[in-house]
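Inspection log for the structure reproduced underneath, given as structure tokens.
The values are calculated or read from the model by the stated rules, or taken from the named source; none is laboratory data. What you are looking at is a predicted structure, and each value in this text was computed from that prediction instead of being measured. Here Cβ is always computed from backbone atoms with ideal geometry, including for glycine, and neighbour counts include all displayed protein chains. The protein model used for the area step is the full one, side chains on, heavy atoms only, and it has no ligands, DNA or RNA in it. Shrake-Rupley method; radii C 1.70, N 1.55, O 1.52, S 1.80 Å.
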Amino acid sequence: MVSHRCRLMVREALSKLGPHDVLVDLGVVEIRQDLTDEQLQQLKERLLLIGLQLLDDKRSILIEKIRTISLAKERRKVHRLIL
């Protein structure tokens, strides 16, 4: 399953930065400790290597959430037409 594999890859990228209290869910990573600027940059680079992008500003996060909701609505319309 893709989502499970992505979560494992994200957990692995985070574990290389050291022990952190994290919650990894599909599309969301919650780190309950502060990362240094260097650790944050390393995480961004590791995520890019596995094809993921770190959104760390509120505007980008909001845009991605809207995009995700819009795509989900479009998929439901397509499924309704096919049925």
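On full extension of the chain, what length is gained from His4 through Ile61, given 0.36 nm per residue of separation minus the C-alpha to C-alpha distance? Write out the running numbers ahead of the final one.
Numbers: separation 57, 0.36 × 57 = 20.52 nm, distance 2.16 nm.
Length difference between fully extended and current span is 18.4 nm.
About the Cα centre of the chain, what is the dipole size in debye to 20, counting +1 per Lys and Arg Cβ and -1 per Asp and Glu Cβ, all else neutral?
I would put it at about 760 debye.
Mind ranking 45-55, 5-15 by how tightly packed they are, going by the mean number of other C-beta atoms within 10 angstrom, highest first?
5-15, 45-55
So I have [x] 1.07; [y] 0.94; [z] 0.97, and one of them is Rg/Rh (Cα atoms, Kirkwood Rh) calculated from this model. Which one is it?
[x]
I'd like the carbon and sulfur percentage of the solvent accessible area for the stretch 1-54, probe radius 1.4 Å, heavy atoms only, ligands and nucleic acids excluded.
In the stretch 1-54, the share of accessible area belonging to carbon and sulfur is 53 percent.
Taking only DSSP H segments of four or more residues, each worth -39500 (n - 2.57), what value at 222 nm results for the chain once the sum is divided by all its residues, to the nearest 500 deg cm²/dmol?
So the calculated ellipticity at 222 nm is -21000 deg cm²/dmol.
Express the accessible area of the chain per residue in Å², computed with a 1.4 Å probe while the remaining protein chains stay in the model.
Value returned for the chain: 85 Å² of accessible area per residue.
Kindly list the residues of the stretch 1-37 that lie in the label zone of Ile69, defined by a backbone N under 20 Å from the point 7 Å along the Cα-to-C-beta vector.
Under cut-off, by backbone N: 26-29.
Measuring from label point to label point, each 7 Å out along Cα→Cβ, what is the Leu40 to Arg76 span in nm?
3.5 nm
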